[in-house]
Amino acid sequence: MPATARPRRSILYMPGSNTRAMEKGKSIPADGLIMDLEDATAPDAKETARGLVAETVRQGGYGKREVFIRVNALETRWGYDDLAAAADTGADAVLLPKVESGDMVRKAEQILVDHGAPDAMAIWCMMETPMGILKAEEIASSTPRMGGFVMGTSDLAKDLHAAHTPMRLPMLTSLSWCLLAARAYRLAVVDGVYLDLADDEGFTASCKQGAELGFDGKTLIHPKTVAAANRAFAPTPDQIDYSRRIIAAHAEAAAAGKGVVVVDGRLVENLHVVNARRLVALADAIDEMDPEAASAA
């Protein structure tokens, strides 16, 4: 499956020190779960959490949900052991924090390989520092294992001395730069978290903006936001219906030797068909998720 075809509408952070929360993740209708050994785990709990995450992920039971393990940075005293422990857990991906170069990715990858990581284990990168944003293309092309980017907008805003505004104007350059790099290398890219859990309207608006910009989904910090994210980043029934119709109409026109066709008064060319096929593939993949995960689509 191409990196961008898998549903990633909702990616929920789970504290790696909380076994109960990670167990609850098996019934939360999120497309993906990030077992977090970094920000969500206190320093004095990190070594215990490492073992808990490794064992929990190894036991499985998450259905079709994508499982990430966010490790601590290699320059910390926990980073190397986190990567070594994650390598053979069966997780779909390891998420690296504060990535600022291709070399950082390759060093992490070598540790994973040395400790038995399968070829299918992807590497994802947090894009959350000014240097990381500037090196987005280098990071995107650093290894064939690269699966995608996760925007770390909280850390980025801090480093930029920027405000969290409703339209996120201070962040748009960084968001767009990472989107460009990700799409240039056919990677997935997921938007950052929304911090105000009491602001449902603001969260919905942030999801809408993220979808309009081109993100595959949004990272989340509470299960109550999963359903709204799933709705915002899924193709609508009208989009799916129209996509299926233009695929069929274009195929019929092509069989008749025509390069273009008109559907509902709109000119349809091959580029529209390519996007239509992407939307239909995404809708089909959503339908194939666990019943709980698909119900929020």
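Computed 3J(HN,Hα) for the stretch 175-187, one whole-Hz value per residue from the Karplus formula 6.51 cos²θ - 1.76 cosθ + 1.60 where θ = phi - 60°, is 4, 5, 4, 6, 4, 4, 5, 5, 5, 4, 10, 6, 9, glycine and proline marked x.
3J(HN,Hα) along the stretch 225-233, derived from phi through the Karplus expression 6.51 cos²θ - 1.76 cosθ + 1.60 where θ = phi - 60°, amounts to 8, 5, 4, 5, 5, 4, 5, 5, 9 Hz, with x in place of Gly and Pro.
Legend: ranking of residues 161, 222 from fewest to most surrounding C-beta atoms inside 10 Å; resulting order 161, 222. Here the stretch 223-241 is scanned for amide nitrogen atoms under 20 Å from the site 7 Å beyond the Cα of residue 200 along Cα-to-Cβ, giving 223-234.
Around the amide H of residue 220, modelled in the peptide plane, lie the amide H atoms of 11, 12, 13, all under 5 Å away and 5 or more residues distant in sequence or on another chain. Which one, 95, 195, 12, has the greatest fluctuation when you compute a Gaussian network model over the chain with C-alpha springs under 10 angstrom? Between 95, 195, 12, it is 195 that shows the largest mean-square fluctuation. Of all the options 138, 109, 38, the one that moves most in a Gaussian network model of the chain with Cα springs shorter than 10 angstrom is 138.
With coordinates expressed along the principal axes, the C-alpha atoms belonging to the stretch 237-294 extend over 44, 20, 15 Å, beginning with the largest. Of the residues 265, 236, 247, the one whose Cα sits farthest toward the positive end of the charge dipole of the chain, with +1 on the Cβ of Lys and Arg and -1 on the Cβ of Asp and Glu, is 265. Under a GNM of the chain (C-alpha, springs under 10 Å), which listed residue has the highest mean-square fluctuation: 260, 273, 67? Looking only at 260, 273, 67, the largest GNM fluctuation is found for 260.
Each label was represented as a point 7 Å from its Cα along the Cα-to-Cβ direction; for residue 44 and residue 106 these points are 4.1 nm apart.
Apply the a/c threshold of 1.5 to the C-alpha gyration tensor of the stretch 177-279 and tell me whether it is rounded, prolate or oblate.
Working: a/c = 3.52, a/b = 2.15, b/c = 1.64.
Prolate.
As a calculated quantity, the FRET efficiency between residue 19 and residue 88 at R0 = 22 Å, using C-beta atoms, amounts to about 0.65. Extension gain for residue 236-residue 159 works out to 24.1 nm (0.36 nm per residue, less the C-alpha to C-alpha distance).
From the square roots a ≥ b ≥ c of the eigenvalues of the alpha-carbon gyration tensor of the stretch 10-232, which class results: rounded (a/c under 1.5), prolate (a/b over b/c), or oblate? Don't skip to the end; give the middle numbers.
Numbers: a/c = 1.59, a/b = 1.19, b/c = 1.34.
Oblate, because a/c is 1.5 or more while a/b does not exceed b/c.
Please identify which residues in the stretch 90-108 have an amide N closer than 17 Å to a label point set 7 Å out from the Cα of residue 184, following the Cα→Cβ vector. Only 100-103 pass the distance filter.
Counting neighbouring beta carbons within 10 Å and listing from fewest to most, the residues 98, 224, 64 come out as 224, 64, 98. Spatially close Lys pairs in the chain, defined by Cα atoms under 23 Å apart and a spacing of eight or more places or different chains, total 22. Centroid-to-centroid, using Cα positions, the stretch 191-239 and the stretch 96-111 are 28 Å apart.
If you stretched the chain out fully between residue 77 and residue 254, how much longer would it get, using 0.36 nm times the residue separation minus the C-alpha to C-alpha distance? Before the final figure, lay out each step's value.
Working: separation 177, 0.36 × 177 = 63.72 nm, distance 5.98 nm.
Fully extending the segment from residue 77 to residue 254 adds 57.7 nm.
Run through the stretch 158-207 and list the trypsin sites (Lys or Arg not before Pro) located in a DSSP loop whose Cβ has at most 13 other Cβ atoms within 10 Å.
Details: sites: 158, 168, 183, 186; in loops: 168, 186.
The qualifying sites are 186.
Distant-in-sequence amide contacts of residue 95, defined by a placed amide H-H separation under 5 Å and a gap of 5 or more residues or a different chain, comprise 69, 70, 71, 124. Using 0.36 nm per residue and subtracting the Cα-Cα separation, the extra length available between residue 134 and residue 27 on full extension is 34.7 nm. Each of 125, 27, 152 was placed along the dipole of the stretch 10-232 (beta-carbon charges, centred on the mean Cα), and the one lying farthest toward the positive end is 27. Count Lys and Arg as plus one, Asp and Glu as minus one, and take only other residues whose Cβ is under 12 Å from that of residue 258; the net charge is then -2. Summary of the geometry: the stretch 146-173 and the stretch 20-71, compared by the centres of their Cα atoms, lie 24 Å apart.
This model, with +1 at the C-beta of Lys and Arg and -1 at the C-beta of Asp and Glu, gives the stretch 204-290 a dipole about its Cα centre of some 220 debye.
Every read-out reported here was derived from the displayed coordinates using simple, explicitly stated rules and does not represent laboratory data. In this text, all values refer to a predicted model and were calculated from it rather than measured experimentally. Using ideal geometry, Cβ is built from the backbone for each residue, glycine included, and neighbour counts are taken over all protein chains shown.
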